[in-house]
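Data block below; observations after.
The values are calculated or read from the model by the stated rules, or taken from the named source; none is laboratory data. Predicted, not measured: the structure shown is a model, and the values here were computed from it. Here Cβ is always computed from backbone atoms with ideal geometry, including for glycine, and neighbour counts include all displayed protein chains.
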Amino acid sequence: MVAIAVSQLTKVFRVQHYRATTVKRALVQWFNSERRALNRAREQVALDNVSFTVEAGETVGVIGRNGSGKSTLLATLAKVYRPTRGTSACVGRVTTLLELGGGFHPDLTGDENLHVICALMGMSRREIAASRDAIIAFAELEEAIDTPVRTFSSGMVMRLGFAIAIHGRPEVLLVDEALAVGDEAFQEKCYQRIEQLQREGKTILFVTHDLTALRRVAPRTLWLEHGRLQLEGPTPLVLEAYRAGSHHA
């Protein structure tokens, strides 16, 4: 059964640059020339005719240099972006680890944010109540969970974000550079949790620059280059080609 299907996926962004030396000039340019400026906007192709599938229960890695389209791919699958052309779809409950803690409200406590984010992920009140203590314990925030998130360190925010995401009972997990959180011991705990999800048959699409982590987590890898799918296959073979390509770039 296919859990992730991407077919001829293309995503184009329109990038407009304004040159104005004063606020007044910028406002005049915006009000009077917006339509003409939009027509002159430069197109940036983030994804170019990308197609692949991921079977249910499979873990697939995604690598590529900065700007290759990796994060855009995951954001499109997560429905943050709409495709310009082509299609992308996930089957089942999807949990995304794209920006850990990005949806937290700083004036709410960690516990309040936990309830809000879990609800937004589609968890019922009963599911949230059943998972709350495990989330807090995994994030190691028992002493701070009732304080406002604005008082948290960046590491505490990321730990809470990761803990919420992995306890959301996902069927498909989209991970973007989210395993490098906390200290070495916490990172190891994150990997162990990912491996548990794999044993449970969850589907994982995993973007990273950490090739060691990739070898550990993903048997198959996609290599994106300038928005195109350069190569896909067993992780050791793709990494060998990627290193050779990076060396000659």
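Things to note:
- Test set (1) without any contact (Cβ under 8 Å) to a residue 40 or more places away in the chain; (2) out of contact with any His (no Cβ under 8 Å at 6 or more places or on another chain); (3) closer than 21 Å to R169 by Cα - T147 fails condition number: (3)
- Residue list for segment 193-249, restricted to those being more than 18 Å from A3 (Cα to Cα), at pLDDT 95 or above and of a type in the set (G, A, S): G227, A241
- Taken together, the criteria place V149 among residues that are among the hydrophobic types (A, V, I, L, M, F, W, C), closer than 28 Å to C118 by Cβ and modelled with pLDDT of 95 or more.
- Test: residue in segment 101-119 that is of a type in the set (S, T, N, Q), exposed (fewer than 13 other Cβ atoms within 10 Å of the Cβ) and over 19 Å from the mean Cα position of the chain (by Cα): no
- Test set (1) over 23 Å from Q192 (Cβ atoms); (2) without any contact (Cβ under 8 Å) to a residue 12 or more places away in the chain - A137 fails condition number: (1)
- Filtering segment 123-133 to residues that are surrounded by fewer than 13 Cβ atoms within 10 Å (Cβ to Cβ) and either in contact (Cβ under 8 Å) with a residue 24 or more places away in the chain or in a helix (DSSP H, G or I) (or both) leaves R125, R126, A129, D133.
- Of all residues in segment 194-209, none satisfies the criterion of being among the charged types (D, E, K, R) and closer than 13 Å to R220 by Cα.
- Hits in segment 47-105 - residues which are in a helix (DSSP H, G or I) and small (G, A, S): S71, A75
- Filter result for G92 (under 27 Å from V207 (Cα atoms), surrounded by 15 or more Cβ atoms within 10 Å (Cβ to Cβ) and of a type outside the set (A, V, I, L, M, F, W, C)): no
- Conditions (1) touching a Gly at 6+ places or on another chain (Cβ under 9 Å); (2) farther than 25 Å from R126 by Cα; (3) of a type in the set (D, E); number of the one not met by E177: (1)
- Count - residues of segment 8-26 that are over 19 Å from the mean Cα position of the chain (by Cα) and modelled with pLDDT of 80 or more: 2
- Of the residues making up segment 52-67, one or more are modelled with pLDDT under 95 and of a type in the set (D, E, K, R).
- Test: L173 is modelled with pLDDT of 90 or more, touching a helix residue (DSSP H, G or I) at 6+ places or on another chain (Cβ under 6 Å) and closer than 28 Å to T76 by Cβ: no
- Here the condition is being touching a helix residue (DSSP H, G or I) at 6+ places or on another chain (Cβ under 6 Å), on the phi < 0 side of the Ramachandran plot and not basic (K, R); of I145, I136, it holds for I145 alone.
- Residue that is nearest to E171 (Cα to Cα), among those in segment 35-51 that are at pLDDT below 65 and either of a type in the set (S, T, N, Q) or loosely packed, with under 12 Cβ neighbours inside 10 Å (or both): L38
- Q29 being at pLDDT below 95 and either part of a loop (DSSP other than H, G, I, E, B) or surrounded by 12 or more Cβ atoms within 10 Å (Cβ to Cβ) (or both): yes
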